[in-house]
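S.K.: What follows is a single structure, and I will ask about it in a moment.
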Amino acid sequence: MRQGIDHQPSGRWPTDDLETGTAYSPSRFDPVARAASAVIGGPAGRRLASGTGFWGAAPVLVLLAAAMLSFGVVQKEHCRAQGWSSPDQFWHACYSDIPVLYGSSSLGAETRRGLIDSLGQGGLGQPPVSGALMWITSALVPDSTSDAPRHFFDLSAVLLALVLTVAVAAVALALGRRSWDAAHLALSPVLITAGLISYELLAVAFLAAALLALSRGRPLIGGLLLGLGVASAPQVAVAGLVVALLAGRYLRLGTGAGIGATFAGSALGCWLIIRVLLLPGLTGQLGTAWKGWVEAVPGYGSIWLGPQLLGASEPDPANSLGGRTLQLLFSWIFRIGPLSGSTASVLSLLLLVILGAVILQLTLVADPPGEQPLSEPRFEEVPGSETDTRILDHRAPYDPTVDSTPPAPLGIGRFVTDKVAPLTLALMAALLFTAKSLPVQASLLLLPLIALSGLRWRDHLIWASTELVYFVGIWLYIGGETTANRGLPALFYLLMLAARLAGIAWVGVQGVLVFRSPSPALAQAVDKTLADPPAVDRFLSS
């Protein structure tokens, strides 16, 4: 008889079943994964051993991730065959920045710009590292004919597939025994629709690699990788802030603060050096970037685009009784008018501060439910020993006069997955929610954090469904700006935008719940370091 699903009240599922010695498998705990496992023979049984070699989680998920991204190529096939032309590319939902920038930024011209000029004002309009990689890839395009944009897109797709496999492998390794949870990144439907719109997956890979390095006790390397990620997508800087905030609390005073400062400081230094090296000017155009952000009007996907969309959706009072009623009661809402760039900037920063304060209040300030107050965080580290980079269970300080046995050591990998990833997920969601512009591909940044936090597939699919709906709506709305009788009305686009923001808020709330949830029973047992050979990670029930 198959074992029933073990229910978990918090936002994530337990990591292992040490009482029965059963290896971790999402199909044993997650109803969605359990139902999906029917196509491969059903959920994992009690006598399952962790796969090794080719059948381990990392190799299998890497191949599946490449397959998922190949479906993204199929999704863009109409534009690959017919070209990326407006408004046709919007009606077929196959738009991509990659081939469009190749043509508009003259990357394929015989006298194309140099690297520095391509990254500056009037160039690619991409973050430094993403733009540099795009510029280098364009040099590999075999010709400058009409098929050059397609060749550039195909080369970029191969490159991004390699980048995605690195990200999936990094997440799987960082998760340790929970490596199958990397399927949240490898098998997400969002990869198909958003994975090939730009080079956003580059930032995903750097973020995953940075957290992997941190989980292995290498904060300097992790910080440098995060700096490269910030230079690919500025939003990932929130991970450095989270580590700086948490390390001093959950690691022993001095050692933990040093790890947090090393990680965040090296990320900041790497980012600044990259900007100075790749962008014109001694300051890396920081002042120009800030001024441009402040003056920019709200873009697609932003909550601050709402007043403009409402103004375009005002009902005609002569059209119907319902329209007259709506105008009578809510006419002031439809007449707010578009927000200026400076007004949207102030509101964006204000709302971000408020949401950030609420999240920190629910996580760092308030005591997690079911846990004793934290009086003195401790970190047991003897360089080069078996306890290197391990932290003690933070729920209750060890008192030898009261406790007969000291708390079991907890790997720094669990510090990353149980604390850093969930809080980063929550703050990242807040950052995206309040952004002045939220392109479709920006949500890819949530995927590695969802996987590391161990969210349930139900929550993942709730969010992904809103992303897929918005993906269809945004192109129909943009297409309607040139062909109004075929496009999506502003009110319907507003509803889809609101649904997407609600989905982002949903995963942010789940991140807070995971952070606040008590550590599972496995946290009371000795957690083997990630450097242990695969044989240590096999369990068989008697």
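S.K.: Using per-residue counts of other Cβ atoms within 10 Å, averaged over each peptide, order 354-365, 59-70 from highest down.
M.R.: Order by mean packing, descending: 59-70, 354-365.
S.K.: How large is ³J(HN,Hα), in whole Hz, for each residue of segment 335-348 in order, when computed from phi with the Karplus curve 6.51 cos²θ - 1.76 cosθ + 1.60 and θ = phi - 60°, using x for Gly and Pro?
M.R.: So the J values, rounded to whole Hz, are 10, 4, x, x, 7, 6, x, 5, 5, 5, 5, 5, 5, 5.
S.K.: HN-Hα J couplings of segment 124-135 from phi, Karplus 6.51/-1.76/1.60, θ = phi - 60°, integer Hz, Gly and Pro as x?
M.R.: Karplus values, whole Hz, x for Gly and Pro: 6, x, 10, x, x, 5, 4, x, 5, 5, 5, 5.
S.K.: In terms of modelled amide H atoms, which long-range or inter-chain residues lie less than 5 Å from the amide H of residue 488?
M.R.: The answer is 477, 480.
S.K.: Going highest first, how would you order 212-221, 78-87 by mean Cβ packing within 10 Å?
M.R.: 212-221, 78-87
S.K.: Under 5 Å between amide H atoms, partner at least 5 residues away or on a different chain: which partners does residue 339 have, H built in plane at 1.01 Å?
M.R.: Residues meeting the criterion, in which the H sits 1.01 Å from N, are 308.
S.K.: Moving on. Using θ = phi - 60° and the Karplus relation 6.51 cos²θ - 1.76 cosθ + 1.60, list the HN-Hα couplings for segment 76-81 in order, rounded to whole Hz, with x at every Gly or Pro.
M.R.: Karplus-based 3J(HN,Hα) across segment 76-81 equals 9, 4, 4, 5, 4, 7 Hz.
Throughout, read-outs are computed from the coordinates displayed, never taken from laboratory work. If you're wondering where the values come from, they're calculated on a predicted model, not measured in any experiment. Reconstructed Cβ throughout: ideal geometry from the backbone, glycine too, with neighbour counts over all protein chains shown.
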